[in-house]
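Working notes, beginning with the structure itself.
The values are calculated or read from the model by the stated rules, or taken from the named source; none is laboratory data. If you're wondering where the values come from, they're calculated on a predicted model, not measured in any experiment. Positions of Cβ are generated from backbone atoms using ideal geometry, with glycine treated the same way; all protein chains shown enter the neighbour counts.
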Amino acid sequence: MNAEPAVQLRLLDLQALDVRLDQIEHRRRTLPQLAQIAELEGRVSAVRDRVVAAETEVSDLERAMAKAESDVEQVRARARKDQELLDSGRIGSAKELENLQREIESLARRQADLEDAELEVMERLEDARSALAGLTAERDAVAADLDRLAAERDAALAEADKDAGWVRQEREGVVPDIPADLIALYDRLRADHGGVGAAALHQRRCEGCRMELTPTDLVRIRDAAPDALLRCEECRRILVRTPESGL
């Protein structure tokens, strides 16, 4: 395959643009916000689960608190009723009076036990509500960070898309200057050699593999016709001669 020297130089222009596109794509894939968002999404999920568990605990304790308050109130009401009966003087039997006094004492002990239980539930409920408030604040803070990072990511991606659009537009102006069969070879080599299909010969060194050419290769290149399409003997990329080739 042959190509005029000017066409081969345009191939280097095309390669430079493709390298820029690859760099932009690499920039898109390696945005720091992507890793940070993935880490925060895991934290959000974990905190949400803990919030749900804390909400369930608070709800259970609120029901337990309501029951404890109801139990205490029932005993208090029964004790008030017995005390009113005792104070009324309507009981004439000593036996009935003794039984009533014993019941009032029993209710007092029962009330004390229930109030202790009520206080314990109240303390647990306060602790659970405090823990829930902390988890809710943590969840909201992580969600806010996630929203901020998502906005930064979207802005960075939009900027990358804009840059890529300009490069593609410039690339579209280069492609028509290069024959289709040469572009096909270049694309195939690019796919096989890490995105670089054509490289300049600079100061007797292939810019693709960075290897210095042997004296024999240099003689071959000097003797080649100006329109001959050369290949690097080391990496097999298209080798383009330039005024800086050092020949």
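Worth pointing out:
- Looking only at the range 191-206, and only at residues there that are in contact with a strand residue (DSSP E or B) (Cβ under 7 Å, 6 or more places away or on another chain) and more than 12 Å from R241 (Cβ to Cβ), the one that is modelled with the highest pLDDT: G197
- Cβ pairs under 7 Å, 6+ apart, first in the range 201-217 and in contact (Cβ under 8 Å) with a residue 24 or more places away in the chain and not assigned by TED's automatic domain parsing to the domain that holds V19, second surrounded by 20 or more Cβ atoms within 10 Å (Cβ to Cβ) and of a type in the set (A, V, I, L, M): none
- Filter result for Q33 (buried (at least 16 other Cβ atoms within 10 Å of the Cβ) and touching a Gly at 6+ places or on another chain (Cβ under 8 Å)): no
- Residue match in the range 160-182 (condition: farther than 30 Å from V7 by Cβ and surrounded by 16 or more Cβ atoms within 10 Å (Cβ to Cβ)): yes
- Condition check for A77: in the same structural domain as V47 (by TED's automatic domain parsing), touching a residue at least 12 places away in the same chain (Cβ under 8 Å) and in a helix (DSSP H, G or I): no
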